Amino acid sequence: MSLLDDISTRGAEIRERLRQLFHRHEYPPDTKSLLLQAYVDIALEHHDAIWLLAKCRLNGSAFAMVRLVYDAMFRALWINKVATEHQIEQAIDDKLGFDINKILDQIKEGYFSDRPPEEAELFDKILQSLKEAWGAMCSYTHSGALQLARRFTGDELKPDYSEGAIVEALNLVTLALLLLMHMFFVSMRCQKEDEETQTLLRQYSVDFADRIRGGQYR
């Protein structure tokens, strides 16, 4: 099997397992918990949709949806640890703007201000890579230059989405889903589910980190 086949199969397996873990419990009915549940459910559905689009070779639409999974993840992280009750109410009514750079800095402060320096440094590297990828995600979502360029093969109007780029797109959304679920289970004090999610993340990283070498999604 090719790397694309492997990462497609593993991503689908991870999604279904995370969905099973998610539906094991009833969660608190308070506003924040309901919001976090909604973000998780949205991310699971978007992940599924991206797989269906890629399977049908509708790669432009699949690439456009990568940012949507990160939107759900970033908002969930921010709501969980940073937002005040008033801001949560504003978010529900779409009255709160989400400046990505500000959100990422606040997420770092909220989650890592009391952690060892090496953890904060590692998260800095992750944040930097996400900031670099964010521009590409937005370009694909909003029919920007990257999305337009991939509508052509040479001078011919024929989509050009390389296998390496598709691999990188699928990898990005699976990582986002795993990170989101890790945060959610910690927040809901679901220790067994979180431990399994972390195991899935570690194993996924071990199996694919060396095989994925910048597939030019950006």
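The values are calculated or read from the model by the stated rules, or taken from the named source; none is laboratory data. The structure displayed is predicted, hence computed values, not measured ones. Glycine also receives a Cβ, built like all others from the backbone with ideal geometry; neighbour counts cover every protein chain displayed. Surface accessibility is based on the protein's heavy atoms, side chains included, excluding ligands, DNA and RNA. Shrake-Rupley method; radii C 1.70, N 1.55, O 1.52, S 1.80 Å.
Under 9 Å between Cβ atoms, which residue pairs at least 6 apart in sequence (or on different chains) link something in segment 96-119 that is over 18 Å from residue 85 (Cα atoms) with a partner that is assigned to a loop (DSSP other than H, G, I, E, B) and hydroxyl-bearing (Ser, Thr, Tyr)? As it stands, the answer is none, since no pair meets every condition given.
Residue by residue through segment 93-128, note down the ones that are small (Gly, Ala, Ser), within 14 Å of residue 74 (Cα to Cα) and open to solvent by 30 Å² or more (accessible area, probe 1.4 Å).
Just the residues of segment 93-128 that are small (Gly, Ala, Ser), to begin with: 97, 110, 113, 120.
Add one more test, that the residue is within 14 Å of residue 74 (Cα to Cα), and what stays is 97, 110.
Listed by number, the list holds a single entry, 97.
Of everything in segment 14-48 that is among the small types (Gly, Ala, Ser) and surrounded by fewer than 17 Cβ atoms within 10 Å (Cβ to Cβ), the residue that is nearest to the chain's Cα centre (by Cα) is 38. Per the conditions (1) touching a Phe, Trp or Tyr at 6+ places or on another chain (Cβ under 7 Å); (2) among the charged types (D, E, K, R); (3) open to solvent by less than 80 Å² (accessible area, probe 1.4 Å); (4) in contact (Cβ under 8 Å) with a residue 24 or more places away in the chain, the sole criterion not satisfied by residue 160 is (4).
In segment 1-16, the residues that are closer than 17 Å to residue 168 by Cβ form Cβ pairs under 6 Å with partners that are of a type outside the set (Val, Ile, Thr) and open to solvent by 40 Å² or more (accessible area, probe 1.4 Å), at six or more places apart or across chains, as follows: 3/211; 4/163; 14/200. All of 186, 206 fail the test of being among the β-branched types (Val, Ile, Thr), out of contact with any helix residue (DSSP H, G or I) (no Cβ under 9 Å at 6 or more places or on another chain), in a helix (DSSP H, G or I) and open to solvent by 70 Å² or more (accessible area, probe 1.4 Å), apart from 206.
Restricting attention to segment 1-57, which residues are part of a helix (DSSP H, G or I) and small (Gly, Ala, Ser)? Talk me through it step by step, then tell me what you get.
Residues of segment 1-57 part of a helix (DSSP H, G or I): 3-22, 31-55.
Hits for segment 1-57 are 8, 11, 12, 33, 38, 43, 49, 54.
Taking the condition within 28 Å of residue 38 (Cα to Cα), touching a Gly at 6+ places or on another chain (Cβ under 6 Å) and either touching a residue at least 12 places away in the same chain (Cβ under 8 Å) or open to solvent by 20 Å² or more (accessible area, probe 1.4 Å) (or both), does residue 193 pass? Criteria not met by residue 193.
Selection within segment 71-92: residues that are under 21 Å from the mean Cα position of the chain (by Cα) and charged (D, E, K, R). The member of this set that is most open to solvent (accessible area, probe 1.4 Å) is 81.
Among the listed residues 91, 120, identify the single one that is closer than 22 Å to residue 172 by Cα and of a type in the set (Gly, Ala, Ser). Write out each step before concluding.
On the way: 91 fails: closer than 22 Å to residue 172 by Cα.
Checking each option against the conditions leaves just 120.
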